[in-house]
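Values in this text are rule-based calculations from the coordinates and carry no lab data. Small disclaimer: the values here were computed from a predicted structure and weren't measured. Positions of Cβ are backbone-derived with ideal geometry, glycine not excepted, and every protein chain shown enters the neighbour counts.
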Amino acid sequence: MTYANRRGSIHLEDAEILEHVAHPDNQFVLRVAAPATARTAAPGMFAHLQCAPSIRLRRPLSIMRTDASGWVEFLYKPVGHGLTALSQRRVGERISLLGPIGNGFTITPDKPKVLAIGGGVGIPPMIFAAQTLKQAKEFDVTVLIGSEIAFPFALASCRLDSPGIATAAKRSLELLNEWHIPSHLASKAAIQGCHDGYVTDLATNHLHALTGQELGLTRILACGPEPMLAATAKLAQRFDVECQLALEEFMACGVGGCAGCTVEVVMPEGVAMKRVCVDGPVFPAESIYPNA
């Protein structure tokens, strides 16, 4: 099975809020009814939401989960007046939603070992990737997640081991346990059961434990803050592992018209400016960090 995710139609949906749950450290999980987006979304893609009728500019949120019944789920932290307004919306209200937008991760059977690394706001695409691959028997998925605040998920003891991961990282996401996908957590916030350090520390230890043949079959997917992405790109180069990065960027239109989210990308023909919203948000790591 191949997940070569390239953008298609973008749907405008009047999405009803089904659930809106507050979590510790001012985090929210929003679930809305958006059947067209749920049907066509792929890991790494996002949606552009109208936070409130009085706020003209939409806000981009990475898609965390979808369901065949037609719902789409997001994780976000209210920063700024837009997402703060969104956090005050209630179940039963409706939100204008554009989605899915962008190019997602490309996942193919020639690299059946998938190492998904998420940090902070970059956690949702990793959950979506795990959800998408959980029933594809040809893929071996490991998820590593880092956060400096409380994890907005139910935690449980690790039920599945991963090569190179110390027993000190003994907590995992209960949801991923249920999907039979190993996951391990890292934090410098002294969260019990987590690796005391960065999520890239866990990734380094895991890659060290793989054989050369296994590394050749491995693909890294990553999303998170810029320092984490830079460290992940360097790690991929060190171990000669393919790596794809999902970028987070401020956006206005979200559909490629304003070019307000451009980033410098190294292409075979030279340096180019690419729009994160529609040319990305997923790019090869070496095109973003060529000198990692």
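Which cross-chain or sequence-distant (5 or more) residues have an amide H under 5 Å from the amide H of His23, H modelled 1.01 Å from N in plane?
Answer set, sorted by chain and number: Phe28, Val29.
Helix 123-133 versus the longest principal axis of the chain: what is the Cα-based angle in degrees, 0 to 90, to the nearest 10?
That works out to roughly 70 degrees.
So if the hydrodynamic radius of segment 166-292 is defined as the Kirkwood radius over C-alpha pairs, what does Stokes-Einstein give as its diffusion coefficient at 10 °C and 1.306 mPa s, in µm² per second?
For the chosen part, D equals 97 µm²/s.
Percent antiparallel among DSSP beta bridges with both residues in segment 132-259, to the nearest 5?
Roughly 20 percent of the beta bridges in segment 132-259 run antiparallel, per DSSP.
Give the value in nm², to one decimal: projected area of the alpha carbon convex hull of segment 249-292, averaged over all directions.
The orientation-averaged projected area of the Cα hull of segment 249-292 comes to 3.1 nm².
For the chain, can you list the cysteines whose C-beta has no other cysteine C-beta under 4.7 Å from it?
Among the cysteines of the chain, those whose Cβ sits 4.7 Å or more from every other are Cys51, Cys158, Cys194, Cys223, Cys243, Cys261, Cys277.
Evaluate Rg over Rh across the chain, taking Cα atoms for both radii and Kirkwood's formula for Rh.
Here Rg/Rh amounts to 0.95.
For the chain, what proportion of DSSP beta bridges, expressed in % and rounded to the nearest 5, is antiparallel?
Counting DSSP beta bridges with both partners in the chain, the antiparallel share is about 65 percent.
Tally Lys and Arg at +1 and Asp and Glu at -1 over the other residues with C-beta under 15 Å from the C-beta of Ile123: what net charge comes out?
With Lys, Arg at +1 and Asp, Glu at -1, the net is -2.
Set Lys and Arg Cβ to +1 and Asp and Glu Cβ to -1, take the dipole of the chain about its Cα centre, and tell me which of Ala236, Gly260, Leu207 lies farthest positive.
Toward the positive end, the furthest listed residue is Gly260.
For the chain, calculate the relative contact order in percent as a whole number, restricting contacts to Cα pairs under 8 Å that are 6 or more residues apart.
Once divided by the residue count of the chain, the mean separation gives 17 percent.
Placing +1 at every Lys and Arg Cβ and -1 at every Asp and Glu Cβ, with all other atoms neutral, what dipole size does the chain have around its Cα centre, in debye to the nearest 20?
400
Roughly how many Å is it from the Cα centre of segment 163-213 to that of segment 2-72, as a whole number?
28
How tilted is helix 226-239 with respect to the longest principal axis of the chain? Cα atoms for both, answer in degrees (0 to 90, nearest 10).
With rounding to tens, the tilt is 30 degrees.
Based on C-alpha coordinates, I'd like the Rg and Dmax of segment 106-247, in Å.
13.5, 38
How far is helix 199-208 tilted, in degrees, relative to the longest principal axis of the Cα atoms in the chain, given as a value from 0 to 90 rounded to the nearest 10?
40
For a protection proxy built on the mean count of beta-carbon atoms within 10 angstrom, sort 111-123, 70-82 highest first, please.
Ranking, from highest mean packing down: 111-123, 70-82.
Cross-link partners among aspartates and glutamates for Lys113, C-alpha distance below 16 Å, same-chain residues fewer than 8 apart left out?
Glu138, Asp140, Asp161, Glu214, Asp240, Glu242
Lys and Arg at +1, Asp and Glu at -1: add these up for the other residues within a Cβ distance under 11 Å of Leu61 and post the number.
Local charge sum for Leu61: +1.
Distance from the Cα centre of segment 275-289 to that of segment 95-116, in angstrom?
With segment 275-289 and segment 95-116 each reduced to a Cα centre, they are spaced 13 Å.
Return the sequence-ordered ³J(HN,Hα) values of segment 53-61 in whole Hz as given by the Karplus equation 6.51 cos²θ - 1.76 cosθ + 1.60 applied to θ = phi - 60°, using x for Gly and Pro.
Coupling constants for segment 53-61: x, 7, 10, 6, 7, 7, 10, x, 10 Hz.
Please name which of Ala272, Ala68, Leu221 has its Cα lying farthest along the dipole of the chain towards the positive end, using unit charges on Cβ (Lys, Arg +1; Asp, Glu -1) and the Cα centre as origin.
Projecting each Cα onto the dipole axis, the largest value belongs to Ala68.
Can you give the local net charge around Pro182? Use residues other than it whose beta-carbon is closer than 11 angstrom to its beta-carbon, Lys and Arg +1, Asp and Glu -1.
Its environment carries a net charge of -1.
With 30 Å as the limit, write out which pairs from Lys188/Lys234; Lys77/Lys170; Lys137/Lys274; Lys134/Lys274; Lys111/Lys234 have Cα-Cα distances beyond it, or answer none.
Where the Cα-Cα span goes over 30 Å, the pairs concerned are Lys137/Lys274; Lys134/Lys274.
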